[in-house]
Amino acid sequence: MPPAKKRPRAYDHLRTRTAVLAQFGHVRDAVAALTPDQLARPTRLGGWTVRDLVAHIALGLGAVSRDLALPEPPGPKPATTLLEWAPAVAAAVRDATAPPPSAGHPDLLALYGEVEAGFLADVPASGTGDRLLTTRVGSMRLADVLVTRTVELTVHTDDLNEALGLEIPYDRQALAACTRLLADTLADRAPGGSVEVRVPPFAVVQCIGGPKHTRGTPPNVVETGPLTWARLATGRTEWARALADAEVSASGERADLAGLLPLLA
C-alpha cells in the first residue's frame, strides 16, 4: 500500500498578499537604483539580461490582475492544486522563439508602478481568496496563486542578487511560504517517512518510502537553509555541488535527494 499523503498545508490569504507586496516592493526599490550597465548584465537564466529578468518579475505579478480580469472558470474545484503547480510549471517549456520579457517595456519603473497599482486594486485586502483564476497551468484558487508568487519573487530576487552582487532583502513571510511550498511539493512527489528534510526555521517534512521514523533522531536527515533549498528545488544549484560546498548536510543511506531535484526548473 502506498504511503498516505498528508492534508495540504493552509496559508493565510491576507498574510500572503502582504508578503507578495512586500517582496515586490523590495525588488522595485532595487530596480529604481539600477544603472544602464547593470540592466545590460547577463543572468543565470539562459540568454536573459538583468533588464529581461526585471521585466519578467513585474509581468509575473501582473499576471494576477490579467487573470482576474478574465471570466471565472467553472468550479467549484480548481483544476490545479497548490502542490500540483510546480510539476505543471516544470512541464511548460519556455518558448525559445518568444521575444525577451523586456520587449515593449522600456520604462521599467512605470511598469512596476502599473503592476503594483493594478494588484492593489484587483486583489482585495479582505476575503478568503477562494475565487478561481484561469492560469497557464489550469484553474487555481487566488489564494494559491499568491503563494506561487512568493516562490517566483523569492527565487528571482536571488537571481538578481547573484547577477549584480546586491543584497536585496527577503520578506520573511514570502521566504517562509516559498520554502514551505517547495518542501511540501517534495513530500508530495516522494511520499513516505524514511527521510526527514529540515529547512529551518520554516519547514520540516518527511518523504521517500521505507521504514518510517517515529521517535528520537531520524536515521536519514537532510538539512539546509531556505535560499539553498530554493536553489536546489528550482535547479539553480545541483545536489552534489551543494553537498561539496557544505550548503547541505545529509546523513543516512537514504538521504540523497539528487534523483528528486529539481522540482521546478
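Worth a mention:
- Test: residue in region 49-66 that is touching a strand residue (DSSP E or B) at 6+ places or on another chain (Cβ under 7 Å) and open to solvent by 20 Å² or more (accessible area, probe 1.4 Å): yes
- Within region 221-249, if we keep just the residues that are hydrophobic (A, V, I, L, M, F, W, C) and within 15 Å of residue 159 (Cβ to Cβ), the residue that is surrounded by the fewest Cβ atoms within 10 Å (Cβ to Cβ) turns out to be 227.
- Among residues of region 126-158 being of a type outside the set (D, E, K, R) and part of a loop (DSSP other than H, G, I, E, B), the one that is most open to solvent (accessible area, probe 1.4 Å) is 128.
- Where residue 166 falls short, out of the listed (1) surrounded by fewer than 20 Cβ atoms within 10 Å (Cβ to Cβ); (2) out of contact with any Lys or Arg (no Cβ under 9 Å at 6 or more places or on another chain); (3) part of a helix (DSSP H, G or I): (3)
- Contact map, region 163-174: residues that are more than 25 Å from residue 42 (Cα to Cα) paired with residues that are among the hydroxyl-bearing types (Ser, Thr, Tyr) and outside any loop (DSSP other than H, G, I, E, B), Cβ distance under 8 Å, separation 6+ or inter-chain. Pairs shown: 173/16; 173/18; 173/150; 174/150; 174/154.
- Inclusion of residue 98 among residues that are within 20 Å of residue 153 (Cα to Cα) and of a type in the set (A, V, I, L, M, F, W, C) is not warranted.
- Members of region 103-125 found to be assigned to a loop (DSSP other than H, G, I, E, B) and within 23 Å of the chain's Cα centre (by Cα), listed by number: 123, 124, 125
- Candidates are the residues of region 250-261 that are open to solvent by 60 Å² or more (accessible area, probe 1.4 Å) and assigned to a loop (DSSP other than H, G, I, E, B); the one that is nearest to residue 208 (Cα to Cα) is 254.
- Failed condition for residue 210, given (1) within 25 Å of residue 85 (Cα to Cα); (2) open to solvent by 10 Å² or more (accessible area, probe 1.4 Å); (3) among the small types (Gly, Ala, Ser): (1)
- One residue stands out in region 179-202 among those that are touching a residue at least 40 places away in the same chain (Cβ under 8 Å) and open to solvent by 30 Å² or more (accessible area, probe 1.4 Å): the one that is nearest to the chain's Cα centre (by Cα), namely 180.
The values are calculated or read from the model by the stated rules, or taken from the named source; none is laboratory data. Only a predicted model underlies this, so the values are computations on that prediction, with no experimental measurement involved. No Cβ is skipped: glycine too gets one built from the backbone with ideal geometry, and neighbour counts run over all protein chains shown. Surface areas here come from the heavy atoms of the whole protein model, side chains and all, with no ligands, DNA or RNA. Shrake-Rupley method; radii C 1.70, N 1.55, O 1.52, S 1.80 Å.
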